[in-house]
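What follows is a single structure, written as C-alpha cells, with notes after it.
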Amino acid sequence: MTSKKFVKKTLLIIIGIIIFVISTNIYINEFGLFGNVKNKQYRVYVDEKTTKYLYSFNYIPSNFDGILVGPSLSDQMMNTQKIENHKIYNLSMDGGNISELKFAIDNVLKFGNIKTFIICLDPYITKNSGTKSSQINKKEYYGSLGSLFIIKYYVKKYLEYKKMGTNSIYYDSYWGYTDNEYAKKDEDSTLNINKNLSSLDNNNYDYSSLKIDKVAYNELKEVIERVRKNNIKIVAYYYPTPKKIFEHPNFKLHYNEYRLKIDKLLNNDDIVIDFTTNTYDYISENDNSYSDGGHLSRLGANNVIKVLNEKLNQ
C-alpha cells in the first residue's frame, strides 16, 4: 500500500469514527438536546451546572411551564414537583451565581414559553460575577456530540449510577433538585448556627458575602426585566436566613444594605415573599429547618414549598 493510499484510508476511518460517535450521541440524546422530548424525563447525574445548562435548550422548554432559579439554597431539597397546578423545573445550581444561572435562564426564555419565574433572593447569587468553573461553557453544546467532556461525563455517570438510591445526592433529580441530607446528614445545624453567631459577636464574620457585585447586579436586573417584558409571572422570595443570625445587629446592618438595592428591582406586579419576617418564624426559628446551619433540610424546604404553592395558586 502506497503512503498516499494509507493516508486516504486512515482519513476515511477517522471520518467514519467521528460520524459514528456523533450519530451515537445524537441517538442517545443524553441531554434532550435534539428532537421531540415532550413527556420524557431526564435526571441529573453529575456536573449539575453543565447538565442543567444543556437541558435549558430543549428539555426544560419542552416539558415545563416555569422555573425556579437560585444558588444551592434553593437547589437542595426544594422539590418543585410539590407545587400544584404548575410544572416548575428547579434550575437552581449548587454554587451558582447570577452569571452562571443567566446562561440557562436565557435559553429557557428563548426556546420556551414559561409562565412562572421563581427566584430565590440571597446575597450569594450577586456577591460575584462571571463563571466560576468550566461547567458552564457554550462549547459544551457541541461537546455533547463528542469530546473529552462527554467521555468524562459517561464515566462519572456510570460511577454515580452505581450508588443511586443509596448515597447519591442526585437520586431523585428529575425535576432538578438535589437531596443535601445525604451530603450533610452528619452535620449539627444548631452547632453551625452558633458558630456563625460567635463570628458575628467577635467581628470575624465574612461580610463580603453580603456585598453586591456591580456586574452581577446588572445581570440580575437584566434577567428580571427580560422576564417581565415577556409577561411572565415573577415570584421572588427572600431566603429564610436562620432567625438568630438574621436578628444579629451586625448581620442585619449589612443585610439591609443588600435588601435596599434588590428591592429596587421588584415592583407591585411581582409576588414577593419575605421569609425573613416574623410571619415565617416557624421556619427560621427552628434549627431543624436547616441541614447544616444554612441550607434547608427536608422540613424547611417543604415549608417553603408550601408557601410558594399557596401564593402561586391563590
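Every residue, every condition in (1) open to solvent by less than 70 Å² (accessible area, probe 1.4 Å); (2) touching a Pro at 6+ places or on another chain (Cβ under 8 Å); (3) free of Cβ contacts under 8 Å to residues at least 60 places away in the same chain, yes or no:
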site: ILE232; (1), (2), (3): yes, no, no
site: ALA236; (1), (2), (3): yes, no, no
site: ILE245; (1), (2), (3): yes, no, yes
site: LYS252; (1), (2), (3): yes, no, yes
site: ILE262; (1), (2), (3): yes, no, no
site: LEU265; (1), (2), (3): yes, no, yes
site: VAL272; (1), (2), (3): yes, no, yes
site: ASP287; (1), (2), (3): yes, yes, no
site: GLY293; (1), (2), (3): yes, yes, no
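Take the stretch 155-179 and flag every residue that is in a helix (DSSP H, G or I), free of Cβ contacts under 8 Å to residues at least 24 places away in the same chain and of a type in the set (Phe, Trp, Tyr).
TYR158
Give the residues of the stretch 160-214 that are hydroxyl-bearing (Ser, Thr, Tyr) and either open to solvent by less than 50 Å² (accessible area, probe 1.4 Å) or under 23 Å from ILE125 (Cα atoms) (or both), sorted by residue number.
SER168, TYR170, SER173, TYR177, THR178, SER189, SER199, TYR205, TYR207, SER208, SER209
Looking at the stretch 122-138 only, could you name the residues that are in contact with a helix residue (DSSP H, G or I) (Cβ under 6 Å, 6 or more places away or on another chain) and in contact (Cβ under 8 Å) with a residue 40 or more places away in the chain?
The answer is ASP122, PRO123, ILE125, THR126, LYS127, SER129, GLY130, GLN135, ILE136.
So which residues in the stretch 36-49 are open to solvent by less than 60 Å² (accessible area, probe 1.4 Å), out of contact with any strand residue (DSSP E or B) (no Cβ under 8 Å at 6 or more places or on another chain) and not in a helix (DSSP H, G or I), if there are any at all?
Those that are open to solvent by less than 60 Å² (accessible area, probe 1.4 Å), out of contact with any strand residue (DSSP E or B) (no Cβ under 8 Å at 6 or more places or on another chain) and not in a helix (DSSP H, G or I): VAL37, TYR42, ARG43, TYR45, VAL46, ASP47.
What is the one condition in (1) within 30 Å of LYS110 (Cα to Cα); (2) in contact with a helix residue (DSSP H, G or I) (Cβ under 6 Å, 6 or more places away or on another chain) that TYR205 does not satisfy?
Failed condition: (1).
Among the residues of the stretch 263-294, what is the count of those that are assigned to a loop (DSSP other than H, G, I, E, B), modelled with pLDDT of 95 or more and within 23 Å of ASP94 (Cβ to Cβ)?
The total comes to 2.
The values are calculated or read from the model by the stated rules, or taken from the named source; none is laboratory data. All of these numbers come straight from a predicted model, not from anything done at the bench. Positions of Cβ are generated from backbone atoms using ideal geometry, with glycine treated the same way; all protein chains shown enter the neighbour counts. Heads up: the accessible areas ignore ligands, DNA and RNA and are worked out on the full protein's heavy atoms, side chains in. Shrake-Rupley method; radii C 1.70, N 1.55, O 1.52, S 1.80 Å.
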